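A.B. asks: Take this structure, written in structure tokens, and hold onto it; I'll ask about it next.
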Amino acid sequence: MNPIRLVAKLTARGVAIDGGGGGGGPVLISATDVAAALGMGRLKPEAILVGRAKFCDDNTAQLQLAGWVQTELHRRCQRAGWKTDYCEGLAQLCVFELIWPYRCTHCYGRGSVWIQQPEYREDQESGTPPVMVDRWLSCGRCKGTGQGRMSVRERAAVAQITKSRFSETWAKRADDMLAELHSLEDTCLRHLWRQFASDAA
Ligand SMILES: [Zn+2]
């Protein structure tokens, strides 16, 4: 586990980076500053694309990233001897899921829900029913992340693959690619956190 906990939130004006552990508060960084910071240092070109696509609302970067993912998937398919027909649709799916993660439908993306729980008072006579109280608790469905997932049917539709073929063969391969993109996103966040660490401290 990395000791640095990084939470980035997209905001209307850019990205808020919360550098926990070091005691720093959240810092709001504009999309322009994020783009400039991504270019400083030694991030891989695909990591910079992920950062610009996800945190700078950069449509050109989103298209370029889809192109990179498609080429990468094509390379993987060829190496493994798989069909290469679906790389374009799968690339669309991966970039879509990276950039617009679905909200959890149970808590509407808030990560917590109101749950009624019984409350017993110390001085309560035995046998009397408990008072029900509403408590704002972590959502069990998404484990407090606020993020949901598209259904298999929706994912297959975005990838332009039939549902059965997608779930039997391609879902795992798409998830592996998505995991790589999330790892590049983490790399970006660490990079940004270092770049803006003095602001957060
Ligand atoms: Zn939830």
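The values are calculated or read from the model by the stated rules, or taken from the named source; none is laboratory data. Treat the numbers as computed from the prediction; the structure is a model and nothing was measured. Counting neighbours? That spans all protein chains shown, and the Cβs are built from the backbone with ideal geometry, glycine included.
A.B. asks: Which ranges mark the helices (runs of 4 or more DSSP H) fully within region 94-200 that have 1 or more residues being more than 30 Å from ALA36 (Cα to Cα) and not aromatic (Phe, Trp, Tyr)?
C.D. replies: Where helices (runs of 4 or more DSSP H) fall fully within region 94-200 and carry at least 1 residues being more than 30 Å from ALA36 (Cα to Cα) and not aromatic (Phe, Trp, Tyr), they are 152-159, 171-195.
A.B. asks: Looking at SER198, SER164 in this structure, which one is modelled with pLDDT under 85, more than 18 Å from the chain's Cα centre (by Cα) and either more than 15 Å from the ligand (Cβ to nearest atom) or surrounded by 14 or more Cβ atoms within 10 Å (Cβ to Cβ) (or both)?
C.D. replies: Testing whether each residue is modelled with pLDDT under 85, more than 18 Å from the chain's Cα centre (by Cα) and either more than 15 Å from the ligand (Cβ to nearest atom) or surrounded by 14 or more Cβ atoms within 10 Å (Cβ to Cβ) (or both) leaves just SER198.
A.B. asks: So GLN124 clears everything in (1) loosely packed, with under 10 Cβ neighbours inside 10 Å; (2) more than 16 Å from the ligand (Cβ to nearest atom) except one condition, right? Which one?
C.D. replies: (1)
A.B. asks: Counting just the residues of region 107-121 that are surrounded by fewer than 12 Cβ atoms within 10 Å (Cβ to Cβ) and either of a type in the set (A, V, I, L, M, F, W, C) or at pLDDT below 85 (or both), which one comes out nearest to the ligand (Cβ to nearest atom)?
C.D. replies: Ranking the candidates gives TRP114 first.
Yes/no per residue for (1) touching a Ser or Thr at 6+ places or on another chain (Cβ under 8 Å); (2) under 30 Å from VAL69 (Cβ atoms); (3) aliphatic (A, V, I, L, M):
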residue: CYS107; (1), (2), (3): no, yes, no
residue: GLY127; (1), (2), (3): no, no, no
residue: THR145; (1), (2), (3): no, yes, no
residue: ILE161; (1), (2), (3): no, yes, yes
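A.B. asks: May I pose another question? When GLY148 is evaluated against the numbered criteria (1) under 24 Å from GLN92 (Cβ atoms); (2) away from the ligand (no atom under 16 Å from the Cβ), which criterion, by number, is the only one it fails?
C.D. replies: The single condition GLY148 does not satisfy is (2).
A.B. asks: May I pose another question? Would you pick out the residues in region 110-157 that are of a type in the set (Lys, Arg), closer than 30 Å to ALA179 by Cα and without any contact (Cβ under 8 Å) to a residue 12 or more places away in the chain?
C.D. replies: LYS143, ARG153, listed by residue number.
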